[in-house]
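Single-structure report; data block below.
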Amino acid sequence: MEIIELRQVTKTFGPVTAVRNLDLKVPAGTIYGFIGPNGSGKTTTIRMIMNIFFPDEGSIHVRGKEHESSRLERVGYLPEDRGLYKKMKVYDVLKFIGDLKNTGNIKSEIEYWLKKLDLFDRADKKVETLSKGMTQKLQFIATVIDRPEIIILDEPFSGLDPVNAEILKEALLELQKNGATVIFSTHDMNMAEKMCDYIFMIHKGTKVLDGTLNSIQDKYGNDTVRLQTESGIDVLTGIKGIEKVNDFGQIQELRLSQGTDTQGILAEVMKKSRILKFEVTRPSLNDIFIRIAAPDRKEEYHA
Amino acid sequence: MHKIFVIALREYKAAVKTKSFIISLILLPVLMGGSLAVSIITEDNVDTDDKKYVIIDHSGLFSEAIQQSVIQHNESEIFKKGTQEKIKPAYFVEFVNPDKSDSFKQKLELSERVKSKELNGFFEIGSSVLHPDNDPGNAFVRYYSESGFLDESRNWFANPINNHMRKLRLEEMHLSADSTKDLFNWTNIEDLGLLKVDEASGNIQDAEKSNPIQSLLIPYILVMLMFMLGIMGSTPLITAVMEEKMEKIAEVLLATVTPAQFMAGKVLGSTCVSLTTATIYIAAGIITASQLGYANMIPYNLVVWFFIYLIFFLIMMGSLFTALGAACNDNKDAQNVSFPAMMPMILPLLVLMPVLKNPIGGLATWLSLFPPFTPMLMITRMATPVSIPVWQPIAGLLGVFLFTLFAVWAGSRIFRTGILMQGQKPTMSNLFKYVFRG
């Protein structure tokens, strides 16, 4: 069952069409990743789901009901630009947000989340004294303080160090395990690949990808070879059937032209160098993203 | 409503728990009573430096009389009896003969002496001042100085000159001063209120002498209090809302509350802060007046009207300033819109004196029925001893109520659009667009 559904949604700002004829269905209890280049329409889509922006055309349904002018209840939202009252104390700001959201057991919830996100000893400090990472975690707690049914996060991992990103990821998975539906936008393709049940990509306001990671990768087939040789990128010179090469130094990632025989590539490379690794695989989400967002981008080596 | 109260409570606590609230609580009466206090303090602090004047007397009649008056003044008026503290300046006069060949040159030389602080000023008495009809062009007494308008000496010298002229005229008519004593008796008209019936006893109460405190001070205090509460309570909303918008706090809150709830919470919070301040001042004023024996002058029915008008005034102004704050992007925007938005508070002050002089005149009546001005001007009119028609405060209240509804509606329309709009200037055309097209 879809907990959120967008039907033919269009939003324009003056002459710019931020989102065009967007259809999207978010099943309940899943983690849905929104990816796309900067300015592609992710935040506008999220703001429309949150009823902060109103679509010019189409309709948005949450829990089967079309949006009205009232706010969404039991929906947690973490905006892209974080904002909290800097002069308030950590505990007070969570109490304020919790009261606004009619949170039951507010004290125990605040204590639970502050401990879980390693902020308990900061409860009496003013928000302005926290580091950027701490503020982001505090903002996350404010988003989920009422244990919402739907959690919408705009780039929750940006600016977090790996330890804090891991803490946040665990918290999100716990909430999903307890029944929450999670939507988050991200530029971290690795995180999206690992966490999301579904991935939606928007580019120039238009949906270009929507589905599970497997279904997306299936569209592109096994056209990628990860290669490691003793001679590096030079062994690839003159080999036919290689469309693009992404050189990581130790490893080269090759995108093959349609119909190219991987065994032929293997034989050609073996003639020139000793092979340490040869893996035929599907393209990564990062690769798919770049193929869509920057199809004309120059690679390290163009065969 | 719950969400509005939560936001209002945060606003209230954030304002009341600060040091600036306490400071402003003290500062407000200091500012209001500042000019009064300065005038009281400076009343005793008069200029006691001796003054030197030159008199050019074309008539030749006054030297002796003025000299005698000056001597009497210097001997008996400049020192406080008992303490011998100098409380007035001593006067010294020098008579010079008029230069008939070049009077301008003579006056220019005297002017130079005044500029060099050798003299404080000089007088010129015309030749036909005693009998003006003979030669009206020369029937004058002139005082030349750097600031004659504010100089009290000018008034002092008018007395010996006019008294001596009166004496000379009586002598010419062969009349003695004693026989004409009543001729110069001037009776002032007493300023009284109206007679009324005592509600408890049913007896007629005689009219009381008109009290300047009742006539001027109470209306002045009430209107200034309303003005200051508006300035201190409503105007900070522009920068507060603008900061919430620019620091993205608004977007966080708008995920949970509607723009209308957000705005209503902020306006309610600031209104409660101002009402707290007003209650403290009014209570302190009533207690102080009672202690000083002015309890009978406290207009309790007016206090009720004051609070009713104040509430609408604060909501009206709060909605306006909150909406404008939402439409601003930086401090420059906020500065540009602040002054025009303060006009409903400033303009009533500009017409305060005409309204106080004639509270039932056409200007006072119609301006006080113009809703943005009604709270300040109607309370001013009601606070004067003059009775205004009973329907007018009620009609004014109805107008203010309707206008406040409009202000809240228009404000929330601007707020809804402006709070997430970046880069758009708060021009009149944009604001109208937000109100009527969203």
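Things to note:
- Cβ-based exposure ranking for B:Phe321, B:Phe122, B:Phe149, in which fewest neighbours within 10 Å come first: B:Phe149, B:Phe122, B:Phe321
- Helix A:106-116 vs. chain A, principal-axis angle (Cα, 0 to 90°, nearest 10): 30 degrees
- Residues whose amide H falls under 5 Å from that of B:Ala90, counting only those 5 or more places apart or on a different chain, are B:Asp50, B:Lys51, with hydrogens built in the peptide plane.
- Each of A:His61, B:His164 has some number of other Cβ atoms within 10 Å of its Cβ, and from fewest to most they run A:His61, B:His164.
- Percent RCO, i.e. relative contact order, over chain B, from Cα pairs under 8 Å lying at least 6 residues apart: 16 percent
- For the protein assembly as shown, share of DSSP beta bridges that run antiparallel, in % to the nearest 5: 60 percent
- Between B:Leu119 and B:Val114, the built amide H atoms are under 5 Å apart, and every one of these is 5 or more places off in sequence or on another chain.
- Residue (of B:Asn211, B:Val257, B:Ser179) at the positive-pole extreme of region B:164-257, dipole from beta-carbon charges: B:Ser179
- Relative counts (whole %) of C-alpha pair distances in region B:187-291, using bins that are 10 Å wide: 11, 25, 22, 17, 12, 8, 4, 0
- Amide hydrogen neighbours beyond the local backbone of B:Ala139, cut-off 5 Å, H modeled: B:Ser128
- Relative contact order [Cα under 8 Å, 6+ residues apart], region B:62-215, whole percent: 14 percent
- Just so you know, the Cα atoms of the protein assembly as shown work out to an Rg and Dmax of 41.7, 148 Å.
- Rounded to the nearest 500, the helix-only mean residue ellipticity at 222 nm of chain B stands at -19500 deg cm²/dmol, with each DSSP H run of n ≥ 4 adding -39,500 (n - 2.57).
- For region A:220-293, fraction of C-alpha pairs farther apart than 18 Å, in %: 32 percent
- Chain A, relative contact order in percent, only Cα pairs under 8 angstrom and at least six apart counted: 19 percent
- Evaluated at q = 0.19, 0.21 Å⁻¹: base-10 log I(q)/I(0), Debye formula over Cα of region B:284-421: -1.07, -1.19
- Selected from B:Val241, A:Leu254, B:Leu402, residue furthest toward positive end of dipole (the protein assembly as shown; charges at beta carbon): A:Leu254
- The Rg/Rh ratio of region A:2-217, with both radii computed over alpha carbons and Rh defined as the Kirkwood radius, is 0.96.
- Under the convention that each Lys and Arg Cβ holds +1 and each Asp and Glu Cβ holds -1, the size of the dipole of the protein assembly as shown around its Cα centre is about 2300 debye.
- Phi-based couplings in Hz for region A:81-91 (Karplus 6.51, -1.76, 1.60; Gly and Pro marked x): 8, 6, x, 9, 5, 5, 7, 7, 7, 3, 4
- For region A:2-217, a crude dipole built from +1 on the beta carbon of Lys and Arg and -1 on the beta carbon of Asp and Glu, taken about the Cα centre, is about 400 debye to the nearest 20.
- Considering only B:Val351, B:Ser127, B:Gly293, the residue lying farthest towards the positive end of the dipole of chain B is B:Val351, judged by Cα position with unit charges set on Cβ.
- Degrees, to the nearest 10: B:152-172 long Cα axis against longest axis of chain B: 40 degrees
- Angle between chain B longest axis and helix B:259-291 axis [Cα atoms, degrees, rounded to 10]: 40 degrees
- Given A:Lys126/B:Lys13; A:Lys137/B:Lys266; A:Lys107/A:Lys177; B:Lys3/B:Lys245; A:Lys125/B:Lys13, the pairs whose alpha carbons are separated by over 21 Å: A:Lys137/B:Lys266; A:Lys107/A:Lys177
- Euclidean distance of C-alpha centroids, region B:284-332 and region B:147-217, integer Å: 39 Å
Bear in mind these aren't lab numbers, they're just calculated from the coordinates by the rules spelled out. Predicted model only: the values in this text are computed from it and were never measured. Positions of Cβ are generated from backbone atoms using ideal geometry, with glycine treated the same way; all protein chains shown enter the neighbour counts.
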